[in-house]
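First comes the structure, then the notes that go with it.
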Amino acid sequence: MKTEMTERTRLIADLREALRAAGAGLSTLNHLVGAHLELRGQDLTVLDMLARDGAATPSEIVGRTGIHPATLTGVLDRLENGGWIERDRDPGDRRRTIIQPIRGRGPELLRLFRPMNDAIADLTDSFTDGELAAITRFLSAVADATGTAKTRLGRP
C-alpha cells in the first residue's frame, strides 16, 4: 500500500532536513573556527554562553551548557590558559568562583564568524518582517525543544 505524501507532510520533512543540514553546517563552522583559535567545541560553547548570559559560576555553566563538571574543569583551564576567561572570587562569598570572558577577545571570534554573519544579513533582506518573526518564533521553539530533549536524556 503506497501512502501519498501531502504537501504539509512534504514541507515538514523538508524543514526537518533543512534543520539537520543547518545544524551540521554550524557544527562544522564551529569546529573550523575552534581549530583556528586552538579551541574545542565545548570551549566555544562556554564562551558563547558567557557572551550571551554574562559572568557565571562553574555550576551555573554546567546547568546552562550540560557540560559534565569534570569536563568543565579542563575547558576552563584551557580557556584561562588561552587568555579567554578569568576566574575571580565572588567578593560576597569567597567560596564561589565567578567566570567571566576577558574583554577584547571577542573581535577574534567575530572576525572568523563574519562570513556567516554577512551571509545571514544578506539572507534576511529577502524575507518580510512577518516571515522573520515566524522564523524567529520557530527557531526559539526549536531551542526550547532541545532543552526538553536534553532533560529527557538525563542532561541539564
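Here are the numbers:
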quantity: On Cα atoms only, tilt of 41-53 relative to the major axis of the chain in degrees; calculated: 90
quantity: Nearest-ten-degree value, helix 129-152 long axis tilted from longest Cα axis of the chain; calculated: 60
quantity: Stokes-Einstein translational diffusion, the chain - Kirkwood Rh over all Cα pairs, 1.002 mPa s, 20 °C, in µm²/s; calculated: 117
quantity: Label-point gap, in nm, between Phe127 and Arg89 - each point 7 angstrom along Cα→Cβ; calculated: 4.8
quantity: Using θ = phi - 60° and Karplus 6.51 cos²θ - 1.76 cosθ + 1.60, couplings along segment 54-71 (whole Hz; Gly, Pro as x); calculated: x, 3, 8, 7, x, 5, 5, 5, 4, x, 8, 9, x, 6, 4, x, 5, 5
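Readers should treat all values here as calculations from the given coordinates under stated rules, not as data from a laboratory. Since the model is a prediction, treat every value here as computed from it, not as a measurement. With ideal geometry, Cβ positions are generated from the backbone for all residues, glycine too; neighbour counts draw on all protein chains shown.
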